[in-house]
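The values are calculated or read from the model by the stated rules, or taken from the named source; none is laboratory data. Quick caveat, the model's predicted, so the values are computed rather than measured. In this analysis, Cβ positions are derived from the backbone assuming ideal geometry, glycine residues included, and neighbour counts consider all displayed protein chains. These accessible areas exclude ligands, DNA and RNA; they are computed on the full protein's heavy atoms, side chains included. Shrake-Rupley method; radii C 1.70, N 1.55, O 1.52, S 1.80 Å.
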Amino acid sequence: MVTGASSGIGAATARALAAAGFHVVMGARRVARLEQLAEEIGGTAVELDVTDAASVAAFVERVPECHVLVNNAGGAKGVAPVTAADEADWRWMWETNVLGTLRLTKSLLPKLVASGNGHVVTVTSVAALETYDNGSGYTSAKHAQAALHRTLRGEHLGEPVRFTEVAPGLVETEFSEVRFSGDTERAAAVYRGLTPLTAEDVADVISFAVTRPAHVDLDQIVLKPRDQASATRAHRES
């Protein structure tokens with residue numbers, strides 16, 4: 001099961017997992033996109049809004065068993081300093097990144113454990129490892145999402161389920177367009193002068209992690225473009 005599968009890392013992950021032999025159940029709000037992808041890879045498209053508990057319950061109800069859950073739905077809104085924070089933006093980021101991950105993981109863990117070899121992959125960010133100016137809404141949400149995920153490793157120790165956190169740096173997807181409210185020029189500037197990761201790069205890592213032998217748990221994977229040293233430091237060609 002892959003959340004946020006209508007575009008970007010989610011869509012690329014659905015393709016990669018289907019190529020690895022999984023039947024992929026994809027969830028997102030943009031159902032038309034999901035249905036096209038489901039037809040392409042032989043998967044199943046189900047409408048899902050991770051901020052809505054009823055939508056999550058209906059999504060989980062559609063799946064009798066689950067071996068892999070990829071918590072990918074999330075995102076950022078705005079670049080305001082704390083003194084100008086927009087509570088609506090913060091609420092959306094926490095609902096999507098943190099509570100969305102909680103809802104899906106809590107609901108599916110019994111099925112993942114029952115599978116005999118379950119795997120939870122949570123896509124966080126380098127923003128879960130660092131903080132940076134004007135990004136406190138997103139970094140705080142990603143830190144909380146990562147803390148939730150990492151706690152599961154201890155709570156389910158000894159059970160047949162693995163937990164992998166994937167923390168990407170700069171990935172060129174719709175992420176920045178959402179953050180900048182559809183300003184494509186501003187979004188493009190984020191990646192200008194360097195070669196960012198692609199959604200497929202991240203999907204390859206996720207597919208690799210979930211296809212390791214059952215005793216191998218790739219606990220935390222941080223991946224960045226070669227030109228990126230940290231959340232705030234990158235080399236750009238002029």
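Failed condition for D49, given (1) closer than 26 Å to F208 by Cβ; (2) open to solvent by less than 70 Å² (accessible area, probe 1.4 Å); (3) at pLDDT 95 or above; (4) not in a helix (DSSP H, G or I), with all others met?
(1)
List, please: which pairs have Cβ atoms under 7 Å, are six or more places apart or on different chains, and start with a residue in segment 220-238 that is farther than 14 Å from L194 by Cα and end with one that is β-branched (V, I, T) and part of a strand (DSSP E or B)?
Short answer, once both residue conditions are applied: I221/T164; I221/V166.
I need a count of the residues in segment 227-238 that are more than 18 Å from the chain's Cα centre (by Cα) and either surrounded by 14 or more Cβ atoms within 10 Å (Cβ to Cβ) or assigned to a strand (DSSP E or B) (or both).
Residues meeting the conditions: 3.
Out of the residues in segment 76-130 that are in contact with a strand residue (DSSP E or B) (Cβ under 7 Å, 6 or more places away or on another chain) and in a loop (DSSP other than H, G, I, E, B), state the one that is most open to solvent (accessible area, probe 1.4 Å).
Within segment 76-130, the match that is most open to solvent (accessible area, probe 1.4 Å) is L129.
Looking at (1) open to solvent by less than 40 Å² (accessible area, probe 1.4 Å); (2) modelled with pLDDT of 95 or more, find the lone condition where V222 falls short.
(1)
Among the residues of segment 184-226, which ones are of a type outside the set (A, V, I, L, M, F, W, C) and more than 22 Å from the chain's Cα centre (by Cα)?
E185, R186, R192, G193, P213, H215
If I filter segment 52-75 down to residues being open to solvent by 20 Å² or more (accessible area, probe 1.4 Å) and part of a loop (DSSP other than H, G, I, E, B), which single residue comes out as nearest to A167 (Cα to Cα)?
Among those that are open to solvent by 20 Å² or more (accessible area, probe 1.4 Å) and part of a loop (DSSP other than H, G, I, E, B), it is N72.
Specify which of the listed residues (F208, F163) is aromatic (F, W, Y), more than 28 Å from A84 (Cβ to Cβ), touching a His at 6+ places or on another chain (Cβ under 9 Å) and not in a loop (DSSP other than H, G, I, E, B).
Only one candidate passes the filter, namely F163.
Take T139 and decide whether it is farther than 19 Å from L104 by Cα and either at pLDDT below 95 or open to solvent by less than 50 Å² (accessible area, probe 1.4 Å) (or both).
So T139 fits the description; yes.
I'd like to verify a number: residues in segment 33-46 that are open to solvent by less than 70 Å² (accessible area, probe 1.4 Å) and either among the polar types (S, T, N, Q) or closer than 21 Å to G74 by Cβ (or both), how many?
Residues meeting the conditions: 6.
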